[in-house]
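The values are calculated or read from the model by the stated rules, or taken from the named source; none is laboratory data. This one's a predicted model, so the numbers in the text were calculated from it and none came from an experiment. Reconstructed Cβ throughout: ideal geometry from the backbone, glycine too, with neighbour counts over all protein chains shown.
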Amino acid sequence: MSATTRTGGLLDGLKVIDLSLWQPGHVATQLLADLGADVLKAEPPGGDRMRPQGDRYLNWNGHKRSAVFDLKNPDDRARLLSHVAEAEVVVEGFRPGVADRLGVGFDALRAANPSIVLCSLTGFGQFGPLSNVAGHDYNYQAYAGAFTFREGEQPAHAGMLVGDMGSGLAAAFAILAAVLCARRTGEGEHIDLAITDLLAAWVLPTGPIDGRDGTVAAADDLPGLGCYRTRDDKWVELGVYSEDVLWSQMCTGLGLEHIAALDMSARAAQAVQLCAELTAAIGSRDRADLIEVMLPLGVPMAPILTRDEMLAHPHFWERGVLQHDDSGRLRAGHPIRYGEHPALPPGDAPTLDEHRSVGFA
């Protein structure tokens, strides 16, 4: 193992196992590693999916250790669980249910270590109407009402992967809160962090997003990415990147079977033509009908919701991101779900210097 040995950091002694394969988990565990945590990257055979991405991978995986585990192999799974017995934190970003099927869900981890903290980082959470929907950062922004709307222009997503980055930061915060509780009580915690919940909780207090400067590409560099207008003058965001199977499913749902077999390189080479075909096909159907067709196919096509549309979506109410306080006011709930120790409901803000003579409770 090649990690640098360090002592004296804020999180010195904290042992973390990182099963995540994408940027949100990388960011979360990097923040912990930066403060002295001992982070073991438990990578699948062939390595982390982001290893080929150069500086992007390097910048979010410094100071970590690496070991390969084939979780479908009973011996490797037992080896991982032996590490769990010595760790305090596990981070994973599988689709809901996958960790359980691989034998590394919360129940299995807690059997190995009753005080373990598991952070599950996903797009839409472990439960709720959207929990099994596929997507990438811009799809999460679309559902959360986080796009900018300007008269006469297509909606604009943020100029950075705010969902990936923000969820990594939020995960680090939630992990440390759960570790403090586990050290005090001996009880573990399952953190259910949905990227879309976090973004929605940020959108609610800020009001409509309007007039932001920035440039927008019609479909980035690939026809499966970007904004498309629907027949009813609404918009959807496509999130088909390198996944050939998702491209094929999308084309089938749109009645474009003649281009369904194109791989990523072929799509890039024919981007202008394919964008035109997608524009015509999507523009011939209403947004609600398109989403109804695409969701069962697993296609990451998200409706680009306005803030008001997001506030009416049942997913965020069921998840507790949107709720009413005791006075009936619409509030943003804590954006992260804790299975064993729920967060407090929204409360009133203190007045200036209100607790000067009280200190900590």
Report task. Determine which single condition residue 25 fails, assuming it passes every other condition in (1) in the same structural domain as residue 179 (by TED's automatic domain parsing); (2) more than 19 Å from residue 95 (Cβ to Cβ). Result -> (2)
Query raised in the report: Which one of these is under 22 Å from the mean Cα position of the chain (by Cα), of a type in the set (Gly, Ala, Ser) and under 22 Å from residue 44 (Cβ atoms): 145, 135?
Result: 135
Query raised in the report: Looking at 254, 222, which one is more than 20 Å from residue 138 (Cα to Cα) and surrounded by 14 or more Cβ atoms within 10 Å (Cβ to Cβ)?
Result: 254
Report task. Scan the stretch 136-156 residue by residue and report those that are among the small types (Gly, Ala, Ser), surrounded by 24 or more Cβ atoms within 10 Å (Cβ to Cβ) and touching a strand residue (DSSP E or B) at 6+ places or on another chain (Cβ under 9 Å). Result -> 142
Query raised in the report: Would a scan of the stretch 103-120 turn up a residue that is among the hydroxyl-bearing types (Ser, Thr, Tyr) and within 15 Å of residue 189 (Cβ to Cβ)?
Result: yes
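Does residue 121 qualify as being under 14 Å from the mean Cα position of the chain (by Cα), closer than 28 Å to residue 241 by Cβ and at pLDDT 95 or above?
yes
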Query raised in the report: Looking at (1) surrounded by 13 or more Cβ atoms within 10 Å (Cβ to Cβ); (2) modelled with pLDDT of 95 or more, which is the one condition that is false for residue 337?
Result: (2)
Query - Sole residue being of a type in the set (Asp, Glu) and within 28 Å of residue 307 (Cβ to Cβ), chosen from 263, 244, 232 - result: 232
Report task. Considering (1) part of a helix (DSSP H, G or I); (2) modelled with pLDDT of 95 or more, say which one residue 266 fails and leave the rest. Result -> (2)
Requested in this report: Kindly indicate whether any position in the stretch 57-64 is in contact (Cβ under 8 Å) with a residue 12 or more places away in the chain, under 15 Å from the mean Cα position of the chain (by Cα) and not in a loop (DSSP other than H, G, I, E, B).
Outcome: no
Report task. Of the conditions (1) of a type outside the set (Gly, Ala, Ser); (2) surrounded by 17 or more Cβ atoms within 10 Å (Cβ to Cβ); (3) touching a helix residue (DSSP H, G or I) at 6+ places or on another chain (Cβ under 8 Å), residue 80 clears all except one; give me its number. Result -> (3)
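Within the stretch 271-282, take every residue that is over 14 Å from residue 240 (Cα atoms) and in contact (Cβ under 8 Å) with a residue 12 or more places away in the chain and give me the one that is surrounded by the most Cβ atoms within 10 Å (Cβ to Cβ).
Result: 282.
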Query raised in the report: Which one is modelled with the lowest pLDDT among residues in the stretch 41-50 that are under 21 Å from the mean Cα position of the chain (by Cα) and over 16 Å from residue 27 (Cβ atoms)?
Result: 47
Report task. Considering every residue within the stretch 87-110, establish whether at least one is in contact (Cβ under 8 Å) with a residue 40 or more places away in the chain, surrounded by fewer than 16 Cβ atoms within 10 Å (Cβ to Cβ) and not hydroxyl-bearing (Ser, Thr, Tyr). Result -> no
Query - Considering residues of the stretch 66-113 that are in a loop (DSSP other than H, G, I, E, B) and among the acidic types (Asp, Glu) only, the residue nearest to the chain's Cα centre (by Cα) - result: 88
Query raised in the report: If you take the residues of the stretch 114-131 that are part of a loop (DSSP other than H, G, I, E, B) and aliphatic (A, V, I, L, M), which of them is nearest to residue 173 (Cα to Cα)?
Result: 116
